[in-house]
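Attaching a single structure in structure tokens format; questions to follow.
Each value in this text was obtained by applying a stated rule to the coordinates, not by laboratory testing. The structure presented is a predicted model; accordingly, all values stated were derived computationally and were not measured. Here Cβ is always computed from backbone atoms with ideal geometry, including for glycine, and neighbour counts include all displayed protein chains.
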Amino acid sequence: MAGGNEVNLNECKRIVPLNTWVLISNFKLAYKVLRRPDGSFNRYLAEFLDRKVPANTFPLDGVFSFDHVDSTTNLLTRIYQPASLLDLTRHGTLELTKPLSTTEIVPVLIFFHGGSFTHSSANSAIYDTFCRRLVTICGVVVVSVDYRRSPEHRYPCAYDDGWNALKWVKSRVWLQSGNDSNVYVYLAGDSSGGNIAHNVAVRATKEGVKVLGNILLHPMFGGQERTESEKSLDGKYFVTIQDRDWYWRAYLPEGEDRDHPACNPFGPRGQSLKGVNFPKSLVVVAGLDLVQDWQLAYVDGLKKNGLEVNLLYLKQATIGFYFLPNNDHFHCLMEELKKFVHPIEDSQSKSSPLLLTP
Amino acid sequence: MKRSHQETSVEEEAPSIEGSGCGGGDDNMDELLAVLGYKVRSSDMADVAQKLEQLEMVLSNDIGSSNNALNDTVHYNPSDLSGWAHSMLSELNYYPDLDPTRICDLRPIQDDDECCSSSNSNKRIRLGAWCDSVSSDSTRSVVLIEETGVRLVQALVACAEAVQHENLSLADALVKRVGTLAASQAGAMGKVATYFAEALARRIYRIHPSSAAIDPSFEEILQMNFYDSCPYLKFAHFTANQAILEAVTTSRGVHVIDLGLNQGMQWPALMQALALRPGGPPSFRLTGVGTLSNRDGIQELGWKLAQLAHAIGVEFEFSGLTTERLSDLEPDMFETRPDSETLVVNSVFELHPVLSQPGSIEKLLATVKAVKPSIVTVVEQEANHNGAVFLDRFNEALHYYSSLFDSLEDGVVIPSQDRVMSEIYLGRQILNVVAAEGIDRIERHETLSQWRKRMGSAGFDPVNLGSDAFKQASLLLALSGGGDGYRVEENDGSLMLAWQTKPLIAASAWKLAAELRR
């Protein structure tokens, strides 16, 4: 057993840069310690270990960020903007009372960080850094949502927080752009954040709130069945079936199984999205992620409902490849993201429905 | 002199090294991990990877008891991945025997300053986004969105700008406008603005706060009220006490030099904790430093603490020291008993006033060093209110006190009378930051990052505060009856109390640098 693991660890180390391997292994280990076998979670130790960073209300590397707490819902969001959009009329103060632009469209990405519904925060360093990179590379404004986490707050808390964030963003004058003063919203997230994005989009569709697109970065889905990818990749690239099961048990209502629609949206208990005005989706799948069969099933599900979806399949990518910009997958992702949120500017190279990378 | 914000941007991923060029092993931190909050030298990466692999193996072989062990153990400084992984391996009693290559990799465990603090405070590296956000060089702006009373803050900052440019007639007109706007602004923003407006007015008309001297007993009442109404002082005392307790676990005697005795509110809890020590309490000697005007109060306090000590069975001694300035303290004023006592020096918000006189902080820290304490506990406001440019100080303070006032607003359990008094207490600080200058400006708060440099230069090394202190401080906050938004954050071995995501108070611990301890 130990020998088998050693082989896997070595192979995994060959696939990713060493510092990426160290980063993700560190998380994997820490998270293992935090997940207690009885289903409880060592939240204090988790908060102690999480590396957090403050917002930068002065521009740093072209991006500035600040935090906002909604007084009614107590929901914290961290907003990132390109420094170039700021109206720095006064030394020391930044006024955000006017639209981002009255001429061009500035996409606003509502971002839900990952962490399997349990870990991380909007001010976690890994996510703060990722959001800042999204701003500079993709030319977007990012609103990162600090949603309530499991096991303390189960389904549907994260979705409710996501929905409240969407409503809040949509109603901000200072997030409007274009010559018709709209807030141009995309929903995005990695891992559990991707799952949240999907569910918030479903609600938005029902309630007539316009979302321009969904970006799901190796989204967290699952089901009762054990798929091929789960079986063959179990324990090989940082993730185990066992830990996935733990997180679902922590998030889903007690007593529920993984065919609950939150986990398995196109499964036996899933709902149809036929004929609804669901946003177009960009789904990014890491080829070494054991959850991929569920993610591919999700893509299938969207297609079967007649919905527009682009799949970016990164064959040799592991989970978390986007935390460090030291690999091709990262750059490929950013290119696709840019095209997805700036479709008008890029009519030449329209993103193809299926993209594979070696 | 207006400063453009674009000018202050710093390269995110290239660390700028102080005293460039002559790098070598210490300076090759992995930049990409550094931005994510982890300090790993590139040259150590493979070693850290190996440790993580070893941990992975141990955990998968014996998941149940390892998981428990690691949950119960105290963790330190997660940014130092190498040290963290190493201490977990030690905790799990993992070190394969008879493997000569592995033995060479082992670091000497007893010398924890090598293991745990891979950061040499004398060669601190600026790590881009992660550390620079509290750099003293850059201006932190106040962000105005429509919910925050934009016109009010606009007017405040315009007024401060006018003061900066010595356009006093404009400043005068603006400060009146602020007053009017503040009066109609509800909530924390209105209150903060009122204090800042008053401070600006005093500055404009040159009515310095020192000429409105306050009755010391009223000062006392304000402080005690502040202690009771919100968690800041409680957190400060609690965290410092945790660090002290950890440093004195096996001591037969403990001697604390408290650089700011005030009402002695920190000490009953420490004494009770000592009394409950398994195996019996050490003796406890407290030397409290206070001001001349409070001489009688100090003696009375000593007497009350003695009574408490007697009641809980702790052998106790007290002496009071009065001085006008902490920098006047000399090592020979303190009777130390190194053979029988562990010496602690404690400073809760007492260091920053010393910055009002050049050379004083260096002298004070030299005195502290000279008495050879085993541990020095320091709690300070996490803010830079000591910058050279008035307008920068003003903006920083506006941001800081807005957060503080917000947190008071949220505490539903605080009766409004107590909150008003807490606001007055903080208002006096605002007055001092904005309207005072020179020796009178004592609220010269500096960030932990700045204090780290000072402590490092003075010959101190950091002592990491651990996950147990973190957890207990978090629990304390949850029980304090304050609002929901308080958070404890770990930052490179220190603990900070934040309101929402904004750190407001930083607690750290120090020991004499390695070479001095020998």
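Indicate, rounded to the nearest 5 percent, the antiparallel portion of the DSSP beta bridges found entirely in chain A.
On the way: 17 of 47 bridges.
Roughly 35 percent of the beta bridges in chain A run antiparallel, per DSSP.
Follow-up. Can you compute the helix-only [θ] at 222 nm over the protein assembly as shown? Use -39500 (n - 2.57) per DSSP H run of at least 4 residues, normalise by all residues, nearest 500 deg cm²/dmol. Walk me through the numbers before you get to the answer.
Working: 30 runs with 369 residues, N = 876.
Mean residue ellipticity, 222 nm, calculated: -13000 deg cm²/dmol.
Tell me, what HN-Hα J-couplings in whole Hz come from the Karplus equation 6.51 cos²θ - 1.76 cosθ + 1.60 at θ = phi - 60° for each residue of region B:248-265, using x for Gly and Pro?
Residue by residue, region B:248-265 yields 10, 4, 10, 6, 7, x, 10, 10, 10, 9, 9, 6, x, 5, 6, 9, x, 5 Hz.
Using each residue's phi in region B:426-443, evaluate 6.51 cos²θ - 1.76 cosθ + 1.60 at θ = phi - 60° and report the 3J(HN,Hα) Karplus result to the nearest Hz, with x for Gly and Pro.
Residue by residue, region B:426-443 yields 6, x, 5, 5, 4, 4, 5, 4, 8, 9, 8, 9, x, 4, 5, 7, 9, 7 Hz.
Where nothing but the Cβ of Lys and Arg (+1) and of Asp and Glu (-1) is charged, how large is the charge dipole of the protein assembly as shown around its Cα centre, in debye to the nearest 20? Present the calculation step by step, with values, prior to reporting the outcome.
Values: 81 positive and 109 negative charges, 340 e Å.
Charge dipole, the protein assembly as shown, about its Cα centre: 1640 debye, nearest 20.
What is the set of long-range amide H partners of B:Phe316 at a cut-off below 5 Å, with H atoms built 1.01 Å from backbone N?
Those lying under 5 Å, H to H, from B:Phe316 are B:Phe284.
Quick one: of the DSSP bridges fully inside region A:86-220, what percent are antiparallel, nearest 5?
On the way: 2 of 17 bridges.
Of all bridge pairs located within region A:86-220, approximately 10 percent are antiparallel.
Mind checking which lysines have their C-alpha under 24 Å from B:Lys363, skipping anything on the same chain fewer than 8 residues away?
Output for B:Lys363: B:Lys123, B:Lys372, B:Lys453, B:Lys511.
Could you calculate the contour length gain from B:Asn28 to B:Ala186, that is, 0.36 nm times the residue separation minus the distance between their Cα atoms, to one decimal place in nm? Could you put the intermediate results ahead of the total?
Values: separation 158, 0.36 × 158 = 56.88 nm, distance 5.13 nm.
So the chain would gain 51.8 nm between B:Asn28 and B:Ala186.
Moving to a separate point now. Near A:Lys338, which aspartates and glutamates are there with a Cα under 14 Å away, not counting those fewer than 8 places off in the same chain?
A:Asp346
Could I ask something else about it? Apply 1/(1 + (r/R0)^6) to the Cβ-Cβ distance of B:Arg325 and A:Asp259, taking R0 = 51 Å, and write down the FRET efficiency to the nearest 0.05. List each step's numbers first, then the result.
Working: r = 72 Å, r/R0 = 1.41.
Efficiency, from the Cβ-Cβ distance: 0.10.
What are the residues whose amide H is under 5 Å from the amide H of A:Gly213, where those residues sit 5 or more places off or on another chain and H is modelled from the backbone?
When sequence neighbours closer than 5 places are left aside, the close amide H contacts are A:Leu187.
A follow-up question, please. Can you give the FRET efficiency for A:Leu18 and A:Lys315, using 1/(1 + (r/R0)^6), R0 = 25 Å, r = Cβ-Cβ distance, to the nearest 0.05? Walk me through the numbers on the way to the answer.
Details: r = 21 Å, r/R0 = 0.83.
The formula returns an efficiency of 0.75 here.
Here's another thing I want to ask about it. Among DSSP bridges having both ends in the protein assembly as shown, what percentage is antiparallel? Round to the nearest 5.
Values: 42 of 99 bridges.
The answer is about 40 percent antiparallel.
Pairs B:Lys39/B:Lys369; B:Lys234/B:Lys502; A:Lys98/B:Lys191: which are spaced more than 21 Å apart, C-alpha to C-alpha? Let's see the in-between values first.
Details: B:Lys39/B:Lys369 28 Å; B:Lys234/B:Lys502 18 Å; A:Lys98/B:Lys191 26 Å.
From the list (B:Lys39/B:Lys369; B:Lys234/B:Lys502; A:Lys98/B:Lys191), the Cα-Cα distance tops 21 Å for B:Lys39/B:Lys369; A:Lys98/B:Lys191.
Taking 51 Å as R0, compute the FRET efficiency from the Cβ-Cβ separation of A:Asp180 and B:Leu170 and round it to 0.05. Present the calculation step by step, with values, prior to reporting the outcome.
Values: r = 40 Å, r/R0 = 0.78.
Working from the Cβ atoms, E equals 0.80.
Which of the listed residues, A:Ala250, A:Pro279, A:Phe64, is farthest toward the dipole's positive end in chain A, when Lys, Arg count +1 and Asp, Glu count -1 at the beta-carbon?
Of the candidates, A:Pro279 comes out farthest on the positive side.
Add +1 for every Lys or Arg and -1 for every Asp or Glu among the other residues with Cβ under 13 Å from the Cβ of A:Ser120, and state the total.
Values: positive: A:Arg43, A:Arg51, A:Lys52, A:Arg78, A:Arg148, A:Arg149; negative: A:Glu47, A:Asp50, A:Asp128, A:Asp146, A:Asp190.
Summing Lys and Arg as +1 and Asp and Glu as -1 gives +1.
Quick check: net charge around B:Gln266, other residues with Cβ under 10 Å of its Cβ, Lys/Arg +1 and Asp/Glu -1? Please report the intermediate quantities before stating the final value.
Numbers: positive: B:Lys234; negative: B:Asp258.
Within the 10 Å Cβ shell, the charges total 0.
Also, I was wondering about something else. Nothing charged except the Cβ atoms of Lys and Arg (+1) and of Asp and Glu (-1): what's the magnitude of the dipole of region B:398-518 about its Cα centre? Round to the nearest 20 debye. Walk me through the intermediate numbers first.
On the way: 13 positive and 16 negative charges, 107 e Å.
Around 520 debye, computed over region B:398-518.
Can you run phi through the Karplus equation (6.51, -1.76, 1.60; θ = phi - 60°) for region A:201-212 and list ³J(HN,Hα) in whole Hz, with x for Gly and Pro?
Computed from phi, the couplings for region A:201-212 are 5, 4, 5, 4, 4, 4, 9, x, 9, 7, 10, 7 Hz.
Considering only lysines 8 or more places apart in sequence, or on different chains, count the pairs in region A:121-237 whose C-alpha atoms sit under 30 Å apart. Before the final figure, lay out the partial values.
Working: A:Lys167/A:Lys206; A:Lys167/A:Lys210; A:Lys170/A:Lys206; A:Lys170/A:Lys210.
Eligible lysine pairs with Cα atoms under 30 Å apart amount to 4.
For region B:447-518 and region B:347-371, what is the centre-to-centre distance using only Cα atoms, to the nearest Å?
If you average the Cα positions of each part, the centres end up 19 Å apart.
May I pose another question? Using only alpha carbons, build the gyration tensor for region A:76-198 and give me the equivalent ellipsoid semi-axes, biggest first, whole Å.
Details: eigenvalues 140, 46, 31 Å².
Those come to 26, 15, 13 Å.
Here's something else I'd like to know. Is region A:167-235 rounded, prolate or oblate when judged by the Cα gyration tensor, a ≥ b ≥ c being the square roots of its eigenvalues, rounded requiring a/c under 1.5 and prolate requiring a/b larger than b/c?
Numbers: a/c = 4.06, a/b = 2.78, b/c = 1.46.
Taking the square roots of the gyration eigenvalues as a ≥ b ≥ c, region A:167-235 is prolate.
Then there's this: Would you please give the residues with an amide H less than 5 Å from that of B:Asn491, counting only those at least 5 places away or on a separate chain, with H modeled from the backbone geometry?
Excluding prolines and chain starts, which carry no amide H, the hits are B:Met496.
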